[in-house]
1. Hey, what's the Kirkwood Rh for the stretch 28-180 if you take every pair of different alpha carbons, in angstrom?
2. Could you list TRP271, TRP142 in order of exposure, starting from the residue whose Cβ has the fewest other Cβ atoms within 10 Å?
3. Relative contact order of the stretch 204-284: what whole-number percent is it, with Cα pairs under 8 angstrom and at least 6 residues apart?
4. Which of the trypsin sites (Lys or Arg not before Pro) found in the stretch 179-267 are in a DSSP loop and have at most 11 neighbouring Cβ atoms, other than their own, within 10 Å?
5. Can you give me the convex hull volume of the Cα atoms of the stretch 1-64, divided per residue and expressed in Å³?
6. For the stretch 39-77, state which trypsin sites (Lys or Arg not before Pro) are in a DSSP loop and have at most 12 other beta carbons lying within 10 Å of their beta carbon.
7. Using square roots of five times the C-alpha gyration tensor eigenvalues, list the equivalent-ellipsoid semi-axes of the stretch 146-284 in whole Å, biggest first.
8. What range in the chain is the longest one free of GluC sites (Glu not before Pro) that are in a loop by DSSP and have at most 11 other Cβ atoms within 10 angstrom?
Amino acid sequence: MILITGASGTVGGLVLDRLPTGGAVRVLARNPARVTVSRPGVEVVQGDYGDQDSLRRALRGVRRALLVTNRVAGDDDALFIRSACRAGVEQVVKISAAAVVDERADDLITRWQRAGEDLLLSSGLAWTLLRPRSFMSNALSWASLVRSESLVRALYGRSPNACVDPRDIADVAVRALTESGHAGRAYTLTGPQPLTAHEQAEQLGQVLGRPLRFEELDPAQARISLLRSHSEPVAEALLRSALRQQAGAKAQVLDTVREVTGRAPRSFRTWAQDHASAFAPDTR
């Protein structure tokens, strides 16, 4: 039995969709209605990391689990790992972040991810760590302005990031969940090249067949934008992370996706082509 958490999110849903058919799969979801993958062998159970009874039910009979947490500075990792140990889970595959291996990264989000990794590594469970660079799908935050004004706004638009397609993260996760040989491994996952936001906007415009204008946000403007969807501590952590990117800390390209899956990571242009409809003008 494989347990998937975060199935209504970016990576968890892709992992669930890619798991081989025929095996027993269980999904833990706060809101089962948000889990869109439905196929034979997939059981969806309602539960929450803070509800130990629901965790115990979800983990019963599970051998391997995908752990996705997103409550920054919360104790969801600790709650899940403790329950997994009690349930006799053999291996946990955790989605972490590439920044944890950068000694210069000391923002709130990175400290939280490091703490979650440390809990898993000291738990006695077999583990696999997936440490992706920024998601290419973060570009979806531009969709509204691209549709309405052919405009992209970003902070430090000339700073490079070797962002990764979430589908590549999911493909590596599926390997770790279904194959032997991945326990005790930490995989840092990047795309095939570092790109700046300006370059991403240019490629996206080429895919869409229309030029996109680019406007540079200053830090004050970026802070205001981030506070619309994040708490102040998380917004400040993201701003500090952007400063590290400006200094070149996120430009390194690794061939981990190819090493694990046997194929090259997807390019941003490929991601843009496959998601072009999200940026198309509303013609209704």
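What follows is calculated from the coordinates using simple rules that are stated; it is not laboratory data. These numbers come from a predicted model, not from an experiment. Cβ sites come from the backbone with ideal geometry, for glycine too, and all protein chains shown count toward neighbours.
1. Working: mean 1/r = 0.0571 Å⁻¹.
So the Kirkwood estimate lands at 17.5 Å.
2. Details: TRP271 25, TRP142 20.
Least crowded to most crowded, the residues run TRP142, TRP271.
3. Numbers: 29 pairs, mean separation 29.5, N = 81.
The normalised contact order for the stretch 204-284 reaches 36 percent.
4. Listed in order of number, the matching sites are ARG228, ARG263.
5. Values: hull volume 4.8 nm³, N = 64.
That works out to 75 Å³ per residue.
6. ARG71
7. 29, 21, 14
8. Longest stretch, sites excluded: 180-284.
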